[in-house]
Amino acid sequence: MSGTTDGNRPMPVRLSALIVNYESGALARACVDSLRGEWQREGLAPERLEIILVDNASPTDQAEHLAALEADGVRVLQESANHGYGGGMNRALAVSTGGPLDVVAVLNPDTVFLPGSLAPLLRTLALHPDCGAVGPRTSVDPAGLLELPPLPRPTAAEEAGAALAHLFPAWARRRSRRRTETARRRWTSQHPEDVEMLSGCCLFLRRDTLLQLERETGHELFDPSYPLYYEDADLCARLRSLGLRLVLQGNARIVHHWSRSAGHAQRFAEVAGPRLARSRARWQARHFKAHARRLTAYLEKLAARRAASGGSPAAHALTELGSLTAAPRLSWRGARPHVFEISLSPAFTLAAGSVGLGSSMTLPPQAWEWLFPARYFVRVTERGTSRLLGAWSFIKLDEARERPLSPAEYDAPKTSPASAHPTPSEPLAATPDTRSALPADHEPPSPALPGRLAPV
């Protein structure tokens with residue numbers, strides 16, 4: 001596999017993978033194993049893969065996991081204080097090695113590379129010098145039934161619109177129709193596509209791009225003033241300010257177990273919540289005009305008050321399914337192409353999901369087990385018309401799985417995630433996204449991509 005050329009001589013790809021760990025040592029080991037497996041699958045020399053993990057002062061004992069990672073050749077840095085995700089990444093980058101044309105990967109510890117996911121990411125950077133960063137499609141489960149939604153750029157209009165969605169059901173329905181259609185296109189795409197925002201859970205960049213960022217924006221990778229969240233929004237904004245493109249590579253898929261480091265419920269409120277609030281305030285101070293900040297704050301205060309006084313209104317009339325320890329069977333009239341979505345918000349401001357064909361479905365245990373205990377809101381809409389086929393709510397009682405994925409659970413050949421859907425729905429063939437902005441790089445989905453990248 002080659003990334004660039006020196007005259008006519010191919011230069012091999014060199015990758016520095018950076019991971020920040022916070023109480024996720026077992027998951028980090030699975031992440032490293034999956035990355036090494038993909039590196040080996042592509043026939044790349046082991047010495048050209050550098051993995052650096054920063055432990056951000058985890059309060060629980062991570063010694064066993066960190067020792068195992070070091071024994072596996074990972075360079076481990078143990079910090080005495082929590083410097084935040086961005087600060088930890090900057091620390092890892094500072095000790096990494098490599099030249100301007102090498103690649104740097106930013107990885108959450110709770111990510112897993114699925115078969116065939118690495119080569120398309122490297123190839124995109126090699127073929128498109130104007131690509132500032134590339135990321136994969138991500139799902140909570142390896143089958144891709146709970147695919148995470150595309151992230152919107154957190155503009156003033158976006159954040160005010162989210163607050164309005166928690167106040168007015170009609171607005172929530174109107175707003176979510178557009179977002180569902182965007183998500184549906186991304187969930188079925190197997191090609192690279194320009195986007196306005198990429199998730200910081202898995203980003204690939206060239207090292208020369210990071211050097212350019214430092215020269216022109218003052219920060220090489222992440223701005224450490226964002227303690228948690230919004231650091232990826234800031235990075236994407238800086239890349240776009242340099243005229244560089246952000247690319248979602250639809251032919252690369254990873255698992256992201258979602259919030260395993262930040263936690264949920266009380267743990268999130270105690271640890272991650274205050275850091276999120278500080279990051280959000282900093283983002284808005286830098287990117288929102290004063291009147292937009294005031295309006296957004298006012299709407300969010302109204303939405304919070306509404307939620308505290310009896311809950312946010314739901315976007316749809318819901319069928320209550322009660323408290324459950326197993327996934328419910330959902331059914332609707334007529335076997336038709338549909339979009340399934342599941343959200344923590346009754347307004348469906350952000351929703352994971354997938355596409356399918358059928359008149360009923362049940363999430364299999366391999367997907368259900370990754371959901372945290374919480375109240376969930378589910379809907380199924382007709383693909384193409386957005387007509388509501390059904391909407392439900394339930395409380396999941398059983399704990400989410402903490403045990404990492406093993407290679408046996410994800411390394412077997414599978415159908416395309418765009419066509420997979422739980423029984424008894426019939427599979428729906430993937431529809432290529434004809435709006436892809438990078439037509440020269442259309443690739444058929446394959447777990448065994450070519451062993452070499454075309455030179456730039």
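The values are calculated or read from the model by the stated rules, or taken from the named source; none is laboratory data. Here the structure is a predicted model, which means the values were calculated and not measured. Here the Cβ is made from the backbone with ideal geometry for all residues, glycine too, and neighbour counts use every protein chain on show.
Some notes on this structure:
- Of the helices (runs of 4 or more DSSP H) contained entirely in the stretch 26-134, those carrying at least 1 residues that are closer than 28 Å to E193 by Cα fall at 84-95, 118-127.
- Only one entry of R206, R253, R178, R153 meets the criterion of being surrounded by fewer than 20 Cβ atoms within 10 Å (Cβ to Cβ) and farther than 23 Å from G84 by Cβ, and that entry is R178.
- The stretch 337-385, residues that are surrounded by 19 or more Cβ atoms within 10 Å (Cβ to Cβ) and of a type in the set (D, E, K, R): E341, R379, R383
- When the stretch 386-434 is filtered for residues that are of a type in the set (S, T, N, Q), surrounded by 13 or more Cβ atoms within 10 Å (Cβ to Cβ) and modelled with pLDDT of 90 or more, the ones remaining, listed by number, are S386, S393.
- Test result for G98, modelled with pLDDT under 95 and touching a Lys or Arg at 6+ places or on another chain (Cβ under 6 Å): yes
- Any hit, the stretch 255-262, residues being within 25 Å of Y22 (Cβ to Cβ) and at pLDDT 90 or above: yes
- Taking the stretch 48-74 as the range and being crowded, with 19+ Cβ neighbours inside 10 Å and more than 23 Å from the chain's Cα centre (by Cα) as the test, the residues that pass are Q62, H65, L66, L69, V74.
- When L205, L210 are screened for being touching a residue at least 12 places away in the same chain (Cβ under 8 Å) and in contact with a strand residue (DSSP E or B) (Cβ under 6 Å, 6 or more places away or on another chain), only L205 passes.
- Any hit, the stretch 149-171, residues being touching a helix residue (DSSP H, G or I) at 6+ places or on another chain (Cβ under 8 Å) and in a strand (DSSP E or B): no
- Number of positions in the stretch 305-328 that are modelled with pLDDT of 95 or more, part of a loop (DSSP other than H, G, I, E, B) and surrounded by 14 or more Cβ atoms within 10 Å (Cβ to Cβ): 4
- Residues within the stretch 172-208 that are in contact with a helix residue (DSSP H, G or I) (Cβ under 7 Å, 6 or more places away or on another chain) and part of a strand (DSSP E or B), tallied: 3
- In the stretch 210-250, residue modelled with the lowest pLDDT [restricted to those that are at positive phi and surrounded by fewer than 21 Cβ atoms within 10 Å (Cβ to Cβ)]: G218
- Among the residues examined, L213 does not qualify as part of a helix (DSSP H, G or I) and more than 25 Å from A126 (Cα to Cα).
- When residues in the stretch 65-105 are screened for being of a type in the set (A, V, I, L, M, F, W, C), in contact with an Asp or Glu (Cβ under 9 Å, 6 or more places away or on another chain) and under 22 Å from E402 (Cα atoms), 1 of them pass.
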